[in-house]
Amino acid sequence: MNAKYWMFSYALVFLLTILAVASDLPSDPYATSNPWKVNVTLESQIYLPTPRPIPDVFFEFNNSTPYMVYRAEIGQTKDAMNLEKEAYATTNATLRDTYKITQNPLGPFPKGEDLGFTLGQWIAANGKGTYVEENGNAALNLTLHNLVPNGTYTLWCSRVTMPPNYIEVLKPIGASDGSENAFIADAGGNGTFNLRFKALPASTNLAWKDYVAMYVTKQVPIKTNITWTLIALVYHSDDKTHDATPGDWGKTAHSQLVHLMYPKPIRTFEEWKNATNVTATAQTEKKEPGFEGIFALAGLLASACILMNRRRR
């Protein structure tokens, strides 16, 4: 058998090895050919499983501090008189404090412009839709109600890392320059949003029981940086979008609604709470790298050896 034939045979086997192993290594360990569909519910973040203050609109809750305003928490929304209070911006951009880690997270802050709606109207806004992810791409389809009439809105991917290493990073849904994430509500405060884009990063893969042990009961030390992915709807009281950034929080940019994405493949809070081990569930979507390719290669090598032995006889 000539040298060229042997060289060709070895080159073919080498190529088949690369293709077989590569086919078993998905670039995204959670990317599958089956769609992952989440029913999206957008509402004020005071309604999250762990309620947070309303971050970017403010109210006069204390008559002893004129010209100063405060953030509202869920308890204050249960008072009918508070629901009638007018919403205000702040005079300057105001630091957001989701987990109340600063000295005065709720205020007071210098009162800015009257925003033209009440606390009750602000928290009445809501939205529903679907987020469908497949092979690293996603489609988001939303229908929204009770928004600010004729208001300018943008949608964002909010990545919030919990304390002690708290940080929040927002990126526009869709194009990174913010050219695809805006819409204007109609005169009745209704809006729709439909877009295909690169899939959002997943929330940290952590079981509910471990989350509770670290952050709620604090029975064990925090050993995992938990980063949540949220879909956030931002209202712009200056009627302007600001490209790749939301603008000045509290002054002209006001986050109104959020949807929390739970660790994949979990879709809802109840699923997350009842899952015994999120990591184990998620791992079922991964492939063990290379095994299918190795078995296929073994078969090819066996066939090649038989064929070459026959030709040498």
Inset, instruction - Beyond 23 Å between alpha-carbons counts as too far, so tell me which of K128/K264; K198/K223; K198/K273; K171/K264; K78/K264; K37/K78 fall in that bin. - result: K198/K223; K198/K273; K78/K264; K37/K78
Legend entry - Summed residue charge, Cβ within 13 Å of T118's Cβ, Lys/Arg positive, Asp/Glu negative: -4
Inset, instruction - Kindly flag which residue pairs out of K85/K209; K111/K240; K209/K251 have an alpha-carbon separation exceeding 29 Å in this structure. - result: K85/K209; K209/K251
Inset, instruction - State the extension gain, in nm to one decimal, for the chain segment bounded by T245 and T118, taking 0.36 nm per residue of separation less the distance between their alpha-carbons. - result: 43.1 nm
Inset, instruction - Collect residues whose amide H, placed 1.01 Å from N in the peptide plane, falls under 5 Å from the amide H of K264; neighbours closer than 5 in sequence don't count. - result: S203
Legend entry - Built amide H within the under 5 Å cut-off of G151, gap 5+: A185
Inset, instruction - Return the whole-Å distance between the Cα centroid of region 98-125 and the Cα centroid of region 43-95. - result: 4 Å
Inset, instruction - Might you report the magnitude of the Cβ-based charge dipole of region 116-242 about its Cα centre, with Lys and Arg at +1 and Asp and Glu at -1, to the nearest 20 debye? - result: 460 debye
Inset, instruction - Using the Cα centre as the reference, give the magnitude of the dipole from point charges on the C-beta atoms of region 49-116 (Lys, Arg: +1; Asp, Glu: -1; all else neutral), rounded to the nearest 20 debye. - result: 280 debye
Legend entry - Simple spin-label estimate for T65 and R267 in nanometres, 7 Å along Cα-Cβ: 4.4 nm
Legend entry - Spin-label model distance (nm) - A80 vs Q219, 7 Å beyond Cα toward Cβ: 4.3 nm
Legend entry - Where R159, R196 fall by accessible area, highest first, once all protein chains stay in place (1.4 Å): R196, R159
Inset, instruction - Decide, for region 148-229, between rounded, prolate and oblate: order the square roots of the alpha carbon gyration tensor eigenvalues as a ≥ b ≥ c, take rounded if a/c falls under 1.5, and otherwise choose prolate if a/b is larger than b/c, else oblate. - result: prolate
Inset, instruction - Based on the mean of other Cβ atoms within 10 Å per residue, sort peptides 248-258, 175-185, 141-151 so the most packed one is first. - result: 248-258, 141-151, 175-185
Legend entry - Inter-label distance, nm, simple model (7 Å from Cα along the C-beta direction), I167/S179: 2.8 nm
Inset, instruction - Quick one: check the C-alpha center-to-center distance for region 221-246 versus region 170-218, whole angstrom. - result: 8 Å
Legend entry - 5 angstrom amide H check on A72, placed H, neighbours 5+ away: I54
Inset, instruction - Give the ranking of E73, E84 by solvent-accessible surface, highest area first, calculated with a 1.4 Å probe. - result: E84, E73
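The values are calculated or read from the model by the stated rules, or taken from the named source; none is laboratory data. This structure is a prediction, so every number in the text was calculated from the model and none was measured. So basically every Cβ, Gly included, is an ideal-geometry build from the backbone, and we count neighbours across all protein chains shown. For the accessible areas, the whole protein counts, side chains as well, though only heavy atoms, and no ligand, DNA or RNA atoms are used. Shrake-Rupley method; radii C 1.70, N 1.55, O 1.52, S 1.80 Å.
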